[in-house]
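Working notes for the structure below.
The values are calculated or read from the model by the stated rules, or taken from the named source; none is laboratory data. Treat the numbers as computed from the prediction; the structure is a model and nothing was measured. Methodologically, a virtual Cβ is constructed for each residue, glycine included, from the backbone with ideal geometry; neighbour enumeration extends over all protein chains shown.
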Amino acid sequence: MMFISIMILIVAIALPSINRNVSSNLYLRISSLLLLYTGALTLNAFYIQSIGSGIGIYSGLFQITLFTQLFDIVIVLTGSVILIAWPLRNHKFIDNNLELNEEGHNILSINNYKIKYSIIVLISTLGSLFLISSSNLITLYLSLELQSFGVYILASLYRHSELAISAGLKYFLLGSLASCIILLGCGLIYSFTGLTNLDSIYSMISVMDNNNILLGFSLGLILIFIGLLFKIAAAPLHNWAPDVYADSATIITTWLTIMPKISIFLVLFEIQTHINLIENINIILELNPLNNNSLSFNNSYFWSKNLLLISSLFSLLIGTILGLIQTKIKRLLAYSTISHVGFILLALAINSEQSIEALNFYIIQYTITNLNTFLIIILFGYIIKNSFRDLIKSIMDEDETGIENDINYISELKGQFFLNPVLSITLTICLFSMAGIPPLIGFFSKQFVLYSAIQNGYYFMSIIAIIVSIISASYYLKIIKILFTEEENTSEYIDKELNIINNLNSKSEIEISSTNSFIISTLTLSILLFVLKPSILLNSTTILSLSLFNF
């Protein structure tokens, strides 16, 4: 259904008679409603009784379970919110720019960006949905590439910006290298096992006593893990992420930091869970003195687990330490994301009942908090770069990215609490949640991961995670300090800006959709008031983790 809808939208864009009569904002809304409808259909599938044990579709190429259905809903809801996050401009503002500033070319480009953005987001989302449900090496790789091609194009969507093109090219080249590594790993597994179906491969490996085949499987698995870790910007394979995130438009960075990571984390989780299951079977078989192959699988389990732990350690340290010296807000949030990846990989490596629950909870919390943070930054950029354009030009240089409404430096948020107190307080709540300040939702997600790590004997990793959480709070506090810091000659500065606001409001030149305000308010309340009603999210993640672990 979603594929057919994408084809219809592409045809509609290609037909001039339709495209002239449909605004770019309408394309965004249609695409958002399409994702919401997809989520409703996915939710309806929960009523299918046999889905608990999994349903294979398309000759076993995809496996549908309650786990995949739940995160399908998370992905389409998040994608829908990101689609409608682009603030609106009213027609009077556009007409004034066309008449007075002769920027019609730029505005037409902005509308064109919105149309392309909606289509590419749908294609990338379709790849994410396929990737989560993939149960075959072929569909796993093709789904990953479908998702990746979408984010490559998104990163370089603003073709009039040199830095955006550079970011897209860098992302494409390095992402292609990661895809080659994954394809090499898939090829090795197929050449040694002769199978592409993942369940068949797991079943074969669990009873295999051929060390050569097991060695080839282990090597292929390690290559797949390395490629996937590269794509989620886990350290030490993270170097591309800060540059790409900082040079892309903020609306694009919002997508890059959330959507691809969710699906790849779930793929890593599925593979690691099956490996853990096979290892448990082999431990039982070791009790049989006649069994000779029970120790042969240990290498692949050992390397996959330790690869995740090493990457988690580097992500925690690098994401925290390098984040301390950042002056650009998107680069700082990129390193913050790398630090969060470290927590998720730690839960992924442990792979126990508690860690699976912590993993599911952390992914949902990360999605909510990160999404809300970027939505607020988008609105701040829109307000500052439009409302105070004359004032900003007299204080700082032109936007170096060439992307009109982006905030680049943290210093641009200075004193915004005195001008936009609600948005500033909301951003503060999100940053406190990222830092793990109680009783916000981010605190509980880190607590669950640390609890599962201590329960399973990972004391060193727990100590490192606690230390970096304390240190990382300092660069979140740096943003908050700038928000609440007054400018020199504050009264004169604020009076000048308030006059600009009043003049612009009187001309109705800027309009921000009330939908954005509603979304930000809802996400902020879920972060702030989670402690008052935690049972809905906690019970769902607990039941899901128990069903997955027992399976």
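Some notes on this structure:
- Odd one out for Thr250 among (1) at pLDDT below 90; (2) surrounded by fewer than 23 Cβ atoms within 10 Å (Cβ to Cβ): (2)
- Checking the stated criteria, Ala234 turns out to be crowded, with 19+ Cβ neighbours inside 10 Å and over 27 Å from Gly60 (Cβ atoms).
- Residues in the stretch 113-171 that are in a helix (DSSP H, G or I) and without any contact (Cβ under 8 Å) to a residue 12 or more places away in the chain: Ile165 alone.
- Of the helices (runs of 4 or more DSSP H) that lie entirely inside the stretch 186-278, those containing 2 or more residues that are among the acidic types (Asp, Glu) span 240-247.
- Scope the stretch 196-209; condition surrounded by 15 or more Cβ atoms within 10 Å (Cβ to Cβ) and not aromatic (Phe, Trp, Tyr); matching residues: Thr196, Asn197, Leu198, Asp199, Ser200, Ile201, Met204, Ile205, Ser206, Met208
- Scan the stretch 404-431 for residues that are at positive phi and hydrophobic (A, V, I, L, M, F, W, C) and the total you get is 0.
- Under the condition of being in contact with a Gly (Cβ under 7 Å, 6 or more places away or on another chain) and of a type in the set (Phe, Trp, Tyr), the residues counted in the stretch 454-488 number 1.
- The listed residue being in a helix (DSSP H, G or I) and either modelled with pLDDT of 90 or more or more than 18 Å from Ile520 (Cβ to Cβ) (or both), out of Leu322, Leu295, Leu379: Leu322
- Residue within the stretch 473-487 that is within 23 Å of the chain's Cα centre (by Cα) and over 30 Å from Asn420 (Cβ atoms) present: no
- Qualifying residue in the stretch 272-291 (condition: under 25 Å from Ser128 (Cβ atoms), at pLDDT below 90 and in contact with a Phe, Trp or Tyr (Cβ under 6 Å, 6 or more places away or on another chain)): yes
- Scanning the stretch 13-30 for any residue that is closer than 27 Å to Tyr141 by Cα and at pLDDT 75 or above turns up nothing.
- Index of the failed condition, Val207 passing every other in (1) touching a helix residue (DSSP H, G or I) at 6+ places or on another chain (Cβ under 7 Å); (2) over 22 Å from Tyr245 (Cβ atoms); (3) among the aliphatic types (A, V, I, L, M): (1)
- Checked against (1) crowded, with 18+ Cβ neighbours inside 10 Å; (2) closer than 24 Å to Leu61 by Cα; (3) at pLDDT 85 or above; (4) not hydroxyl-bearing (Ser, Thr, Tyr), Leu214 passes all but condition (3).
- Among the residues of the stretch 154-164, those that are among the hydrophobic types (A, V, I, L, M, F, W, C) and closer than 24 Å to Thr125 by Cβ comprise Leu154, Ala155, Leu157, Ala164.
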